[in-house]
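Below is one structure, written out as structure tokens; the observations come after it.
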Amino acid sequence: MSSLKPQTGTLNHPITHIEFCDSQRAQSWMTTLFGPHSLNVHSPDRIHFRHTLRLLQAATVGYIEYGTDLTVSVDAQDTLQSYSVELPIQGHQRWESAHQSIVSDQHNGLILSSNIHQELHLSGDCKKIQIVIPRSLMRANLESLLHRPIQEDLQFVPSMSSTLGTSAGWWRMARHFIDEACHADSYLEHQGLASEIESVLVKGLILAQPNNYSCALNKVLQANLPGFLQRAINFIHRHAKEEIKLNAIVASSGVSRLTLFKGFKKHIGVPPMFYIRRYRLGEIRKTIMRDRSNSQISRIAMDWGYTHLGRFASDYRKFFGECPSHTAKHRQSKEPDAIVTHRQT
């Protein structure tokens, strides 16, 4: 039997405490956050699953443990909806794929990506930090850094040191924010701040950990945008909720239309009007994910300049691979109404 016990107080970004002594319930809970996987528990009667987490905007951060030896398996054909970034604070785990085996402990974290067969073997005393980042959020932040759309999914090197290199700095930052997130009176209760910290964590991860876009990112970071292009982008961001004419963008840049288009093609990869559409859709998605008043999606879209809602829905599906209503459902499925404790007794 299980019970759901709301405690006093309601927060914009509540903490959730989950406890199960049943492997099926634990697997079901993690599937909602991470994606399809199987759970092989060596001693089912000894499982004591505990998960403390906070929803930021779309990502979740917190601590997780299972209380017994077990194996988590993910098939290559199972498309994970999220990346899982993990660092044991006690015990250890071992990650295995067809060609690689990595031991993860306090000195070495892991990033679980999609599209490969992988197994994660956890020791019974393994308690770990976990940051779960939706693929759509990772993609949006990567495209923001590259100033262009991407074709292939982001794939990280799975091993992530917590003691050496730039990844160690990222872990220091992440541990601070996760520790803070698990306090009921945290400053992360403030919606806008939680959203900014989420962006810092995700973009920092993309830049700190080697991945299949690292070379492209280095080129972008080393090449500053020309002044005329930055002026045009700043103008678009300031007026994105208004009707923007191409002539106004050209005027803001201070160069000819031809020069502006060449600059967008070289540095951004798309024409100015396509960039506007992409920026608006990204901001609409952010608003849907962080909205706590259940505003109508159509109203949010219209606030950002969309007057043809059919066109909006079509554009949204092309960019994010899902309907706007599905984005809202994902947020609602992760969002408890208060600080809750869910225990199996």
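With unit charges on the beta carbons (Lys and Arg positive, Asp and Glu negative) and the dipole taken about the Cα centre of the stretch 16-217, which residue among HIS99, SER144, ALA181 sits farthest to the positive side?
SER144
Which one, SER314, PHE274, HIS51, is farthest towards the positive end of the dipole of the chain when Lys and Arg carry +1 and Asp and Glu -1 on their Cβ?
PHE274
Among 85-91, 38-44, what's the highest-first ranking by average C-beta atoms within 10 angstrom per residue?
On the way: 85-91: 19.6, 38-44: 14.9.
Result, highest mean Cβ count within 10 Å first: 85-91, 38-44.
Quick one: among ARG54, ARG257, ARG175, which has the greatest mean-square fluctuation in a GNM of the chain with alpha-carbon springs under 10 angstrom?
Highest fluctuation among the options: ARG257.
At 15 Å minimum axial length over the Cα atoms and a Kyte-Doolittle cut of 0.0, report the qualifying DSSP H helices in the chain, or say none.
The answer, listed by residue number, is 135-146, 191-208, 227-238.
How large is the dipole of the chain about the Cα centre if only Lys and Arg carry +1 and Asp and Glu carry -1, each at its Cβ, rounded to the nearest 20 debye?
For the chain, the charge dipole is close to 1700 debye.
Do the sum for the chain: with -39,500 (n - 2.57) for every DSSP H run of n ≥ 4, divided by all residues, what is the mean residue ellipticity at 222 nm, to the nearest 500 deg cm²/dmol?
Value at 222 nm, helices only, nearest 500: -13000 deg cm²/dmol.
So I have [x] 38, 24, 17; [y] 29, 25, 18; [z] 34, 23, 19, and one of them is semi-axes √(5λ) of the Cα gyration tensor in Å calculated from this model. Which one is it?
Given [x] 38, 24, 17; [y] 29, 25, 18; [z] 34, 23, 19, the calculated one carries the label [x].
Relative contact order of the stretch 225-333: what whole-number percent is it, with Cα pairs under 8 angstrom and at least 6 residues apart?
It rounds to 24 percent for the stretch 225-333.
Go through 219-227, 244-252 and give me the packing order, highest mean Cβ count within 10 Å leading.
Working: 219-227: 11.7, 244-252: 15.8.
Ranked from most to least packed, the peptides come out as 244-252, 219-227.
I need to check one value: relative contact order of the chain, counting alpha carbon pairs closer than 8 Å and at least 6 residues apart, in percent. Mind dumping the intermediate values first?
Details: 612 pairs, mean separation 78.2, N = 345.
It rounds to 23 percent for the chain.
Taking Rh as the Kirkwood radius computed over C-alpha pairs, what is the Stokes-Einstein D of the stretch 124-226 at 37 °C in a medium of viscosity 0.692 mPa s, expressed in µm² per second?
216 µm²/s
In a GNM of the chain with a 10 Å cut-off on Cα contacts, which of LEU164, LEU145, LEU110 has the highest mean-square fluctuation?
LEU164
A short reminder: the numbers here are calculations on the coordinates, not readings from a lab. All values reported here derive from a predicted model rather than from experimental measurement. Quick reminder, even Gly has a Cβ in these numbers, built from the backbone with ideal geometry, and neighbours come from all protein chains shown.
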